[in-house]
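Here's the structure, in structure tokens; my notes come after.
The values are calculated or read from the model by the stated rules, or taken from the named source; none is laboratory data. The shown structure was predicted, so the numbers you read here are calculated from the model rather than taken from an experiment. Note that we place each Cβ from the backbone using ideal geometry, even for glycine, and neighbour counts take in every protein chain shown.
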Amino acid sequence: MPCMILHTWQFIVVALAGWLNRQQQDVLDYLQEENRVLREHLKGKQIRFTDDQRRRLAVRGKALGRKVLMGIETLVTPETILRWYRQLIARKYDGSGKRGVGRPRTRETIQDLVVRMVRENTSWGYGRIEGALRNLGHTVSRSTIARILKEHGLTPAPKHRKGMSWAAFLKSHWDVLAATDFFTVEVMTLRGLVRYHVLFVLELSVRSVEIAGIVPEPNGVWMKQVARNLTDAFDGFLRGKRYLIHDHSPLFTSCFAEILRAAGVKVIKLPPRSPNLNPHAERFVRSIKSECLDKMIFFNRKQLRCAIDQFVAHYHEERNHQGLGNELIVSKESVGKTEGEICCHERLGGLLRYYHRAA
């Protein structure tokens, strides 16, 4: 009798285990089919897992093993799941977060100060910069200064001492520097188109302009007279100036340079094809042509001279200049007033306009 009861219980346990296995298999089959349907919906799309999701899948996948994972439909490949698991283990033993940061970097303010000193003082070497920093309470080694210059693409100290940059030269001689250049205008005459050459001189510090002459064919004799007019002791435009820059045009003759040199004005010739070295003169030519001359047709020299004179007066008294802080060259009392009737002053038939408050 006891033996019969034991066999009965064994049969019940085996039957229950088989039923549970079938139920688990049905659940697995359903989940696999659900994964297939999900993969079909996501076909061509990349699933982005969070770190927590990767960790959970890695732990469960490691317990199943590669062989079992190969036999079921998963959202990711078995290799990916096992790779996530290896990364999970590596992260557990990663001690980089507990290590120190090493030698601290030079503060950004000191780096900016080093760069500023080098750019403003092109003849300074490492030692000079080191001493200047010490005067400001910063102790920085020469190797650190060299590293900062290298990171900012600046040349080492020996190259700084080779000469003065053009920008530094202009800045150091700003108040005694003038520039000159020619531009041409076509005039319609009875003989056809005649090209007139206009010579102007520009005082760089205040942007004031002097029209030195307008002729169809400038020559050496005319250039000598222009040089005498510019250096006149009473009303010459170059009084008080020490340098005059111009391009390599053959119109600027040696006699022209000698007369200026005798009056204490040194001529500086710019390299060929370098208009960027005389930008203020180039800007004036662009302004007078785009705002005035290109919009008019001239039939004689008198009309051309009148138009140029009107623009130069407008340029000095009525046109704001961005290079001067958007101010006028010749300031007026009405500028900045908020009361009074608004008036419009026109030149050349309304081609040039200036708005101001009535006095």
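One line per residue, one yes/no per condition, for (1) in contact with an Asp or Glu (Cβ under 6 Å, 6 or more places away or on another chain); (2) surrounded by 14 or more Cβ atoms within 10 Å (Cβ to Cβ):
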site: PRO216; (1), (2): no, no
site: VAL226; (1), (2): no, yes
site: PHE237; (1), (2): yes, yes
site: GLY240; (1), (2): no, no
site: HIS248; (1), (2): no, no
site: LEU251; (1), (2): no, yes
site: LEU260; (1), (2): no, yes
site: GLY264; (1), (2): no, no
### Task
Run down PHE252, PHE299 and say which single residue is within 15 Å of THR180 (Cβ to Cβ), touching a residue at least 24 places away in the same chain (Cβ under 8 Å), in the same structural domain as LEU177 (by TED's automatic domain parsing) and over 29 Å from the mean Cα position of the chain (by Cα).
PHE252
## Note on the structure
Scanning the range 189-226 residue by residue, those among the charged types (D, E, K, R) and modelled with pLDDT of 90 or more turn out to be ARG195, GLU203, GLU210, GLU217, LYS224
### Task
Taking ARG128 as meeting all but one of (1) within 29 Å of the chain's Cα centre (by Cα); (2) closer than 24 Å to SER172 by Cα; (3) not acidic (Asp, Glu), write down the number of the exception.
(1)
### Task
Can you give me the number of residues within the range 224-240 that are outside any loop (DSSP other than H, G, I, E, B) and in contact (Cβ under 8 Å) with a residue 60 or more places away in the chain?
0
### Query
Taking the range 274-313 on its own, how many of its residues are in contact with a His (Cβ under 9 Å, 6 or more places away or on another chain) and closer than 20 Å to HIS345 by Cβ?
2
### Query
Which of (1) exposed (fewer than 12 other Cβ atoms within 10 Å of the Cβ); (2) at pLDDT 85 or above; (3) not small (Gly, Ala, Ser) is the odd one out, the single condition VAL335 does not satisfy?
(2)
